[in-house]
Structure formats: C-alpha cells, structure tokens
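> Sharing a structure here in structure tokens format.
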Amino acid sequence: QVQLVESGGGLVQAGESLRLSCAASGRTFKNYGAGWFRQAPGKEREFVAAISWSGGRTYYADSVKGRFTISRDNAKNTVYLQMNSLKPEDTGVYYCAADTIPFRVGVPTTTNFGSWGQGTQVTVSS
C-alpha cells in the first residue's frame, strides 16, 4: 500500500515558478517509479512527467519540456515537480502517481501507474 499526498500548488502569475511535492507513506516507495499528471477544467487528465525508481531516467511531455523538472529524494520518500516559466495553459489539478511494480527498467508509461494522490490545484494567471 502506497499513500500519496501532493502539496505546493497555488495561484501565481505567468512567468513565475512553483514546486510541487508528493509525499509517500509507503515504506518501499523508493523502489517504485513515479509520475505527474494534470487535469484542466473540462478536459481529460494528461501526462506531464515521469521518473524511474532510481531517479536516473526521466521523461517529459513536449508541452513542459525545458520548463518543468521532475526529481526525487528517496531518503525523504518524496517526489518533486519544479515548474518554471509557468503559463496560463499549465492551470489544472496536478496528481502524483506511483508505479505498480518495483525496480522497473526505465520510466513507467501511463498504463503502469496504479496508485494516485488526491491532487493539488495550480492556477496561473496572465
């Protein structure tokens, strides 16, 4: 059982930055890949970024590449999403997710996630 709790969302102006955190209660969370997704009002949830269990590999959606950075600190049982140069199009609820199996080679894909957090709201004004 892996319980995930997101935090760090808020209201910012375009061009500013936010750092989201995903804290896990699962004792072995450090052995699982993780990812971030977001959902804008009236739209379907979309993939944002993913990271391997070791933190050695990452993958980003084209829309955030170069602006967002996913990272993790396994000693703190936490995954982060650093968001820079925010745009109004980045507005939405951001969710953290964990892989279904440990030690997967490479980053998990969208079909590999089985545990989800409750989400944190990010609003970017122009």
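The values are calculated or read from the model by the stated rules, or taken from the named source; none is laboratory data. Note that the coordinates shown come from a computational prediction; the quantities given were computed from them, not determined experimentally. Don't worry about glycine lacking a Cβ; one is built from the backbone with ideal geometry, like all the others, and counts go over all protein chains shown. Remember, those area values only see protein heavy atoms, side chains included, never the ligands or the DNA or RNA. Shrake-Rupley method; radii C 1.70, N 1.55, O 1.52, S 1.80 Å.
> What residue, among those in region 29-42 that are within 15 Å of Thr91 (Cα to Cα) and in contact (Cβ under 8 Å) with a residue 24 or more places away in the chain, is most open to solvent (accessible area, probe 1.4 Å)?
Pro41
> Having 2 or more residues that are among the hydrophobic types (A, V, I, L, M, F, W, C) is the bar; report the strands (runs of 3 or more DSSP E) wholly within region 51-126 that clear it.
68-73, 78-83, 92-102, 113-116, 120-125
> Right, something else. Just to be sure I understand, how many residues within region 53-103 are under 17 Å from Ser115 (Cβ atoms) and surrounded by fewer than 17 Cβ atoms within 10 Å (Cβ to Cβ)?
Count: 5.
> So, of the residues in region 104-126 that are buried (at least 17 other Cβ atoms within 10 Å of the Cβ) and aliphatic (A, V, I, L, M), which turns out to be farthest from Ser54 (Cα to Cα)?
Val124
> Please work out if Lys43 is among the charged types (D, E, K, R), at pLDDT 95 or above, part of a loop (DSSP other than H, G, I, E, B) and touching a Gly at 6+ places or on another chain (Cβ under 9 Å).
yes
> Which residue pairs have Cβ atoms under 6 Å apart, sit 6 or more places apart or on different chains, and have a first residue in region 1-26 that is farther than 13 Å from Ser115 by Cα and small (Gly, Ala, Ser) and a second that is open to solvent by 80 Å² or more (accessible area, probe 1.4 Å) and in a loop (DSSP other than H, G, I, E, B)?
From region 1-26, the pairs are Ala14/Lys87; Ala14/Ser126.
> For the condition small (Gly, Ala, Ser) and modelled with pLDDT under 95, what is the one hit in Gly106, Gly26, Gly9?
Gly26
> Would you pick out the residues in region 84-100 that are under 10 Å from the mean Cα position of the chain (by Cα) and not small (Gly, Ala, Ser)? It would help to see each step written out before you state the result.
Within region 84-100, the subset under 10 Å from the mean Cα position of the chain (by Cα) is 94-98.
Listed by number, the residues that qualify are Tyr94, Tyr95, Cys96.
> Return the residue satisfying two criteria in turn: it lies in region 12-36 and is farther than 12 Å from Thr120 by Cβ and hydrophobic (A, V, I, L, M, F, W, C), and of such residues it is nearest to the chain's Cα centre (by Cα).
Ala34
> Within region 55-71, work out how many residues are farther than 24 Å from Val124 by Cα and touching a strand residue (DSSP E or B) at 6+ places or on another chain (Cβ under 9 Å).
Going through region 55-71 one residue at a time, the tally reaches 3.
> Hey, among Ser63, Ser54, which residue is in contact (Cβ under 8 Å) with a residue 12 or more places away in the chain, of a type in the set (S, T, N, Q) and at negative phi?
Ser63
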